[in-house]
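> Let me begin by handing over the structure; questions about it come next.
Every number in this text was worked out from the coordinates using simple rules, so none of it is lab data. These numbers were taken from a predicted model, which means no experiment stands behind them. As a convention, Cβ positions derive from the backbone with ideal geometry for all residues, glycine included, and neighbour counts pool all protein chains shown.
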Amino acid sequence: MPALGIAAEPQKDAPPAFPPPTSSPFNEAAQGMQYCVVDFHDGTVYLQEKANEQRQPASLTKMALLNVLFDNIADKNLSLYEPVKIPLGTRESLPEGLAQMEHLHEGQRYPLYKLMQGAGLRSCAVSTFALAHHYGKIKGTDNDLFARISKTVADMNALAARNNMQQSLFNGVTGDKSESNLSTPYDMALLVSAMQNDHPFLCEKYLGEGWFDLKDLTDNSFHVSRAVRYNPDVKWAKTGHTDPAGFCEALYAVVHDRPVILTIFGVEQKDQKGHVLQQASQNKRYQVINDLLERTAPIIAQRTQNNNSRYSQNRAAPEETLAQQI
């Protein structure tokens, strides 16, 4: 199984090995839902359902872009305060229905950190597109809008390869369904692991604010990340949604002092005619998160107890041997 945290990396020609699928009370209500809960330190898969099946990851795609940016900030190729221009033609190049903040104006410049807030906390497509264009520019790509975006996408795929995300392929940066990005819950867990391992402060800053104010960028200035705000175990999270992907979430949490990663694809709640209920589906997503974390807690508690028991036995053995010798 590909490594998370400090576990050793496996053979790359074999797909990850998972335990038998766990039963889930949500399988009937949310047909096609996929998820996994993975230990951050050693890669133990606590719970999973179809975690190795490809699907569009919606705006979880933006985590790959953010990780590329975080790496370049750490390497001092980028500065949090450097100005980033919103390219002319950005809005018309984006599909309808994507989250966009009203006060981002084409041709104007905004601090890089503000646009990372927009992409990470608000899932703003304009912020995401501008960041991807700016990254392509600093990497020396020709002065062409889509050539620069393509350079960014190529580096997102290189990042995926480095992190052994064997079943992920990015064709765009926003996660819109037209981009046909592909990933799996397990691959997204690998991405969360890499981000938390390499950039814990940036993850909490740009994905971990329970309440956040973007009044300079949007009329609806006061926002809440429900997973972070209402579940104290969750340290940071990224949401996503498209029709093919359903409602998605990727998060980093601490359960019984043990850091874990949870990723979910495809949460949906439908009416009797089969129509997706948007608000009900969003609420269902957070119910699923809470349920999975609650089901993980006793598994971790039992594991900790077993480890403590083995540790005590190992410490006692030399003393018994010494007593026999005396």
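> By counting other Cβ atoms within 10 Å of each Cβ, how are Val38, Val84 ranked from fewest to most?
With the fewest neighbours first, Val38, Val84 line up as Val84, Val38.
> In what sequence do Tyr252, Tyr110, Tyr230 fall when counting other Cβ within 10 Å, fewest first? List each step's numbers first, then the result.
Details: Tyr252 25, Tyr110 19, Tyr230 13.
Taking fewest neighbouring Cβ atoms as first place, the list is Tyr230, Tyr110, Tyr252.
> Sticking with this one: With 10 angstrom as the radius, rank Ile300, Ile261, Ile289 by how many other C-beta atoms surround their C-beta, starting from the fewest. Could the numbers behind the result be given before it?
Working: Ile300 18, Ile261 27, Ile289 24.
The fewest-first ordering by Cβ neighbours comes to Ile300, Ile289, Ile261.
> Using θ = phi - 60° and the Karplus relation 6.51 cos²θ - 1.76 cosθ + 1.60, list the HN-Hα couplings for the stretch 115-125 in order, rounded to whole Hz, with x at every Gly or Pro.
Values per residue, Gly and Pro as x: 6, 5, 4, x, 6, x, 7, 10, 6, 6, 5 Hz.
> May I pose another question? Once phi is turned into ³J(HN,Hα) by the Karplus curve 6.51 cos²θ - 1.76 cosθ + 1.60 with θ = phi - 60°, what whole-Hz value does each residue of the stretch 74-83 show in order, with x for glycine and proline?
For the stretch 74-83, the Karplus curve yields 4, 7, 6, 7, 10, 10, 4, 9, 6, x Hz.
> Additional query: Packing-wise, with mean Cβ within 10 Å as the measure, how do 63-75, 113-125 rank, highest first?
113-125, 63-75
> In the structure displayed, which of Lys238/Lys284; Lys177/Lys205; Lys76/Lys151; Lys50/Lys205; Lys76/Lys177 lie more than 21 Å apart, Cα to Cα? Show your work: numbers first, answer last.
Working: Lys238/Lys284 16 Å; Lys177/Lys205 27 Å; Lys76/Lys151 19 Å; Lys50/Lys205 31 Å; Lys76/Lys177 33 Å.
Violating the 21 Å limit, Cα to Cα: Lys177/Lys205; Lys50/Lys205; Lys76/Lys177.
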